[in-house]
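The values are calculated or read from the model by the stated rules, or taken from the named source; none is laboratory data. Just so we're clear, the structure is a prediction, and the values are computed from it rather than from any experiment. Note that we place each Cβ from the backbone using ideal geometry, even for glycine, and neighbour counts take in every protein chain shown. Quick note on the areas: whole protein, heavy atoms, side chains included, nothing else; ligands and nucleic acids left out. Shrake-Rupley method; radii C 1.70, N 1.55, O 1.52, S 1.80 Å.
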Amino acid sequence: MANDRILLDPTAESKPTERQLQARLQSLDDATVGLLDISKPRGKEFLDEIERQLAPLGVTVRRYTKPTFTRTAPRELIQRIASECDAVVEGLAD
Amino acid sequence: MSTRANRFSLIVKQDCPTCQLVLPAVHQLAAELGESLVVYCQDDPTFPPGVEAVKDDRKLEYSFLNRIETVPTLIAFDARDRELARTEGWDRSAWQALTGQPSLGEKLPPFKPGCGSKSVAPGIEEQLALRFAEVRFQARQVEPAESEDIMEACFERGWSDGLPVVPPTPLRVLRMLRGSDRDPGSLIGDIPPNNVPCSVEKAAINAVLAGCKPDYFPTVLASIEAALQDAFCMHGLLCTTYFSAPVVIVNGPVSRQIGMNSGVNALGQGNRANATIGRALQLLIRNVGGGLPGGIDRATLGNPGKYTYCFAEDESEVDWQSLAQDRGFERSDSVVSLFAGEGLQPIMDQLSRSPESLARSMAASLRSVAHVKRYSMADAILIVCPEHRRLFKDHGWSKEDLRRALFDELMISGAQLLPGVGGMAEGMPEKFKDKLLNKFRDDGLHIVTAGGTAGMFSAIISGWVAAGERGSQLVSQLIKSNHY
């Protein structure tokens with residue numbers, strides 16, 4: 001044990017979970033799309049424009065807002081979006 | 001005692017005058033007790049001369065496992081090998097009582113203290129613990145190939161911030177852990193950005209990497225706990241494109257006991273505690289949290305303080321409130337505070353001779369934090385140098401007087417900050433046009449004293465533009481230690 005060539009691993013010793021991408025939507029017909037505003041400046045304008053372009057496609061749009069961009073989204077918000085939408089667009093960065 | 005004693009152990013060392021002195025008593029005991037006495041010698045298996053049952057304890061296993069602190073130590077055991085009693089050094093009546101030999105060492109002086117056991121020599125104890133006490137670490141053990149340079153191996157595995165690290169051997173980590181009384185397996189919290197549970201042992205490994213001494217470890221642990229306070233928002237701070245990173249400020253007795261620098265060049269290089277405590281926090285976030293620059297850490301430019309940004313406050317003037325006192329702690333508390341900040345903006349004022357003039361100077365410089373036309377956005381730390389503090393104090397000003405003067409100086413009408421004013425598009429939104437604004441939100445400006453006693457150079461550490469509840473606030477954490 002007093003061997004100078006043995007080192008103790010300073011890392012988390014874990015590999016991040018490989019997450020599978022959700023299956024892509026084949027069409028937007030009857031789809032519900034969530035638009036998530038992370039509370040960064042101009043996020044609203046960006047998502048307004050997305051909503052305007054989605055409207056003629058017959059898409060149901062739901063709007064969501066994160067309390068602050070500096071923290072990860074609350075678990076309830078993530079679950080709500082997952083349960084209410086088929087897809088989500090996030091207005092990331094400014 | 002002697003009626004129940006079944007056998008005796010005597011631990012000695014040749015290089016001990018008391019052990020030499022008691023030789024006649026040892027010979028007497030050996031003759032009386034025969035095989036019931038075993039002598040363990042720490043440095044010379046031929047000592048004591050003339051005694052047959054000497055066991056070689058140069059590896060100190062027996063001494064360590066029996067927690068020997070002094071030689072000679074005489075221990076009595078019962079028939080079930082349970083220790084009944086022990087006596088340390090030479091104490092004639094105690095040896096006589098323990099062995100039931102009323103004439104033992106009659107010609108010797110009644111008392112002579114012993115010497116330190118080799119098993120408790122400085123730096124030995126942890127080595128013996130690793131060898132004989134089956135210390136178990138939770139962390140995976142990595143054994144680089146013989147052909148690998150051990151320093152390079154640490155770089156290769158991605159454990160470094162770009163500077164060399166101290167290889168975290170089990171011995172070094174065990175010594176680090178001994179700097180605190182916390183259980184190595186206990187959890188400190190989840191380290192962002194990957195929110196990985198972090199044990200005290202993992203923190204110790206990273207403190208070794210950073211170059212910390214075990215004495216610094218309680219301060220490192222407190223800095224990690226501070227970073228994990230929700231109000232500090234470490235996750236967002238790490239991810240931001242902005243410059244900011246944790247600035248670590250230490251108050252209280254511990255800062256002086258571990259030799260931190262609060263004076264000349266306090267924010268510069270050259271002090272091991274300042275340099276390595278701040279670095280330990282950064283390395284932990286990198287290695288355990290997974291916060292890699294260019295990965296989750298998206299800083300546009302970053303700042304050199306992301307290697308380490310740590311200093312102590314100069315608390316030499318007892319009637320000038322410290323940062324920890326501002327945060328509700330006592331002067332006798334040891335406290336670490338974390339601020340999301342970057343860089344250093346000098347305030348050079350060598351001509352002010354009144355507190356009003358100096359406060360105006362400081363306020364004018366503080367207006368540039370983040371942007372001269374952005375108000376109540378970023379927090380700041382004002383570092384008052386000792387010469388400037390002296391000027392305030394000589395005129396009867398307290399820190400609170402300075403804070404009030406700065407507040408008044410930093411008020412402005414929103415109309416002067418609107419986009420376009422001054423030929424600058426940046427500025428405050430139109431809705432503030434008719435409002436009075438202060439440069440800093442409530443509790444957004446912190447005042448700390450540090451620096452050498454020569455030079456009328458104060459400074460600003462400007463903060464992250466996401467301040468307050470929507471981002472980061474200055475947080476403080478009590479440093480818990482039995483040693484201070």
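Okay, here's what the table says:
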read-out: Cross-link partners of residue B:306 among aspartates and glutamates (Cα-Cα below 16 Å; sequence separation of 8 or more within a chain); value: B:161, B:297, B:342
read-out: Dipole moment magnitude, nearest 20 debye, the range B:158-217 about Cα centre, only Lys, Arg, Asp, Glu C-beta charged; value: 200
read-out: Placed amide H near residue B:90: partners under 5 Å, 5+ positions off or other chain; value: B:112, B:114
read-out: Pair-distance profile P(r), taking every C-alpha pair of the range B:230-295, with 10 angstrom steps and integer %; value: 17, 44, 31, 7
read-out: Percent of C-alpha pairs per 10 Å bin, the range A:48-94, short to long; value: 21, 52, 26, 2
read-out: Chain B, relative contact order [Cα under 8 Å, separation at least 6], %; value: 14
read-out: Chain B - charge dipole about Cα centre, Lys and Arg +1 at Cβ, Asp and Glu -1, debye rounded to 20; value: 600
read-out: Along principal axes, Cα extents of the protein assembly as shown, largest first, whole Å; value: 105, 74, 45
read-out: Averaged over A:64-75, number of beta-carbon atoms from partner chains that fall within 10 Å; value: 4
read-out: Dimensionless Rg/Rh of the range B:346-447 - Kirkwood Rh, Rg from C-alpha atoms; value: 1.01
read-out: Principal-axis tilt of helix B:217-227 within chain B, Cα atoms, nearest 10 degrees; value: 40
read-out: Selection from A:21, A:38, A:83 lying farthest towards where the dipole of chain A points positive, charges on Cβ; value: A:38
read-out: Whole-number accessible area per residue in Å² for the range B:398-471, which is evaluated in the context of all protein chains at 1.4 Å; value: 47
read-out: Residue B:431 accessible area, 1.4 Å probe, all protein chains in place, Å² to nearest 10; value: 150
read-out: Greater than 24 Å apart at Cα, pairs in B:13/B:107; B:55/B:118; A:66/B:433; B:399/B:431; B:399/B:439; A:40/B:433; value: A:66/B:433; B:399/B:431
read-out: Residue-level accessible surface for residue B:331, protein heavy atoms, 1.4 Å, Å²; value: 60
read-out: Near-label residues of the range B:434-448 by backbone N, under 14 Å of a point 7 Å along Cα→Cβ of residue B:411; value: B:435-440
read-out: By accessible area with a 1.4 Å probe, ligands and nucleic acids excluded, highest first: order of B:62, A:64; value: B:62, A:64
read-out: Cα lying deepest toward the dipole's positive end in the range B:41-160, options B:101, B:137, B:122, charges on Cβ; value: B:101
read-out: Solvent exposure, largest accessible area first (probe 1.4 Å, DNA, RNA and ligands not counted), of B:307, B:375; value: B:307, B:375
read-out: Listed residues B:341, B:322, B:295: farthest to the positive end of the dipole of the range B:266-353 (Cβ charges); value: B:295
read-out: Vicinal HN-Hα couplings computed from phi for the range B:141-148 (Karplus, 6.51 cos²θ - 1.76 cosθ + 1.60; Hz; Gly/Pro x); value: 9, 10, 10, x, 4, 3, 6, 7
read-out: Charge dipole magnitude, Cβ of K and R +1, D and E -1 - the protein assembly as shown, Cα centre, debye nearest 20; value: 600
read-out: Taking all pairs of distinct alpha-carbon atoms in the range B:34-76, Kirkwood radius in angstrom; value: 10.8
read-out: Percent of beta bridges antiparallel (DSSP, chain B, rounded to nearest 5); value: 70
read-out: Added length on full extension, which subtracts the Cα-Cα distance from 0.36 nm per residue, residue A:13 to residue A:93; value: 25.7 nm
read-out: List B:283, B:445, ordered by accessible area with a 1.4 Å probe, largest first; value: B:445, B:283
read-out: Value in Å of the Kirkwood radius, where the range B:143-216 supplies the Cα pairs that are averaged; value: 13.2
read-out: Exposure of residue B:348 as accessible area (Å², to 10), given a probe of 1.4 Å and all protein chains; value: 130
read-out: Fraction in percent of alpha-carbon pairs per bin - 10 Å, the range B:275-341; value: 17, 40, 26, 16, 2
